[in-house]
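Contents: one structure, followed by commentary.
The values are calculated or read from the model by the stated rules, or taken from the named source; none is laboratory data. Worth saying up front: this structure is predicted, and the values here are computed from it rather than measured. Note that each Cβ is placed from the backbone with ideal geometry, even for glycine, and that neighbours are counted across all protein chains shown. Just so you know, the surface numbers come from the protein's heavy atoms only, side chains and all, with ligands and any DNA or RNA stripped out. Shrake-Rupley method; radii C 1.70, N 1.55, O 1.52, S 1.80 Å.
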Amino acid sequence: GELPATVFALYGAAPNPSPGELTVRFALPEGSPATIEVLDIAGRRVLARTLAAPAPGAQVLRLDDRGALAPGVYVVRLVQGARVATARAVVLL
């Protein structure tokens with residue numbers, strides 16, 4: 001069956017490991033503003049995308065800052081209101 005439309009989930013980044021460009025898969029239960037952040041291992045925000053009025057349901061967002069992410073381990077964080085989900089992503093050369 002189909003996933004319920006009310007799910008809040010971060011399915012992670014693909015490809016993982018990535019050559020420097022991440023595509024993030026996630027789902028939102030509503031259209032209120034949401035943010036996707038990429039944090040380095042020290043917790044510094046290296047990339048962020050604000051979704052001002054996202055469509056509810058499953059989403060795919062390409063973070064196309066090729067070359068902006070140095071090789072390493074990152075945390076992708078999805079925030080919408082009080083909801084927060086995180087996933088790990090690895091970037092290779």
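Details
- Within the stretch 61-86, considering residues that are under 17 Å from Gly20 (Cα atoms) and part of a loop (DSSP other than H, G, I, E, B), the one modelled with the highest pLDDT: Pro71
- Qualifying positions in the stretch 17-38 - among the aliphatic types (A, V, I, L, M), within 11 Å of the chain's Cα centre (by Cα) and closer than 19 Å to Gly81 by Cβ: Val24, Ala27, Ala34, Ile36
- Checking Val46, Val24 one by one, the residue that is open to solvent by 40 Å² or more (accessible area, probe 1.4 Å) and part of a strand (DSSP E or B) is Val46 and no other.
- Number of residues in the stretch 49-72 that are without any contact (Cβ under 8 Å) to a residue 40 or more places away in the chain, loosely packed, with under 12 Cβ neighbours inside 10 Å and not polar (S, T, N, Q): the value is 5.
- Hey, Leu93 out of contact with any strand residue (DSSP E or B) (no Cβ under 8 Å at 6 or more places or on another chain) and in a loop (DSSP other than H, G, I, E, B) or not: yes
- Scanning the stretch 12-49 for residues that are of a type in the set (Ser, Thr, Tyr) and either at pLDDT below 95 or under 12 Å from Leu69 (Cβ atoms) (or both) yields Ser18, Thr23.
- If you go through the stretch 73-89 and keep only what is surrounded by fewer than 14 Cβ atoms within 10 Å (Cβ to Cβ), of a type in the set (A, V, I, L, M, F, W, C) and within 15 Å of Val24 (Cβ to Cβ), you end up with just Val84.
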